[in-house]
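Following this message is one structure expressed as structure tokens.
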Amino acid sequence: MGALALVTGANKGLGLETARQLARRGVHVLLGARVPSRGEAAAEALATEGLAVTPVPLDVTDIAGVAALAKRIEREHGRLDILVNNAGTISGGLALDTTVAEMHRTFQVNVYGAVATIRALLPLLCRSPAPRIVNVSSTTASLSLTSAGRDLPGDADRRLAYSSAKAALNMLTVQYAMAFARHPNLAKIKINSVTPGYTATSMNNFRADRTVAEGARVIVTAAMLPEDGPTGAFLAEGGPVPW
């Protein structure tokens, strides 16, 4: 059996492209989608390219649904090698206009959803000889770059919920990496945050210059890190990103 990966939010954009690139490398990809019909359509599209992936229903905000998928993976595959926490949402609007409800909705997907999948799938990852967890973050999560005005020019005050959630996701990466390192059964797990850069997706109305093929490369690289690769890091395609 080859490597098995689960990519959340994989029916479009970076998630779909990540599934495509992993499948091209011989990885069996479980293509997680909140709306099953969209996941099935995405899987069919990849099939026309000669790539076989399995669509699975997955709403990362549904704790019972995440647990049910974990049981299904255990039953059908026995382990999981790669978890890519890609599912995300964005809330626009000025920082001063952002509501608690918008903050909660954004954190529910971008942060709590990652915690839900990691907790549910950790026993299956432990059965892998080289488990990898990739948290898809954002350059806008960098406190250093944001405070210097170098994350995304001109609109840092319009991403309060999104950037805060991605910064929290980065902290999850650091905390989990430290916890894994201290546990003899978990020390083999590598977990990293990655930023695809300013990539053209529906989140930015496809305004960005980078293609999803370019953006997904760093995700796939982190998903297939060799044994001497980093853990607990924040990475872009060009190397580490300042926190």
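All of the numbers you see were taken from the coordinates with simple rules; none came from a lab. Just so we're clear, the structure is a prediction, and the values are computed from it rather than from any experiment. All Cβ positions, even for glycine, are placed from backbone atoms using ideal geometry, and neighbour counts span all protein chains on display.
How much mean residue ellipticity at 222 nm does the chain get from its helices, if each DSSP H run of length 4 or more adds -39500 (n - 2.57) and you divide by all residues, to the nearest 500 deg cm²/dmol?
Value at 222 nm, helices only: -12500 deg cm²/dmol.
Along the Cα→Cβ direction, 7 angstrom out, place labels at residue 115 and residue 41. What is the inter-label distance in nm?
3.3
With just the Cα atoms defining each centre, how far is the range 1-67 from the range 101-176? Give it in Å.
20
Ok, one more. Shape call for the range 1-82 from the C-alpha gyration tensor, a ≥ b ≥ c root eigenvalues: rounded (a/c under 1.5), prolate (a/b greater than b/c) or oblate?
In terms of gyration-tensor shape, oblate.
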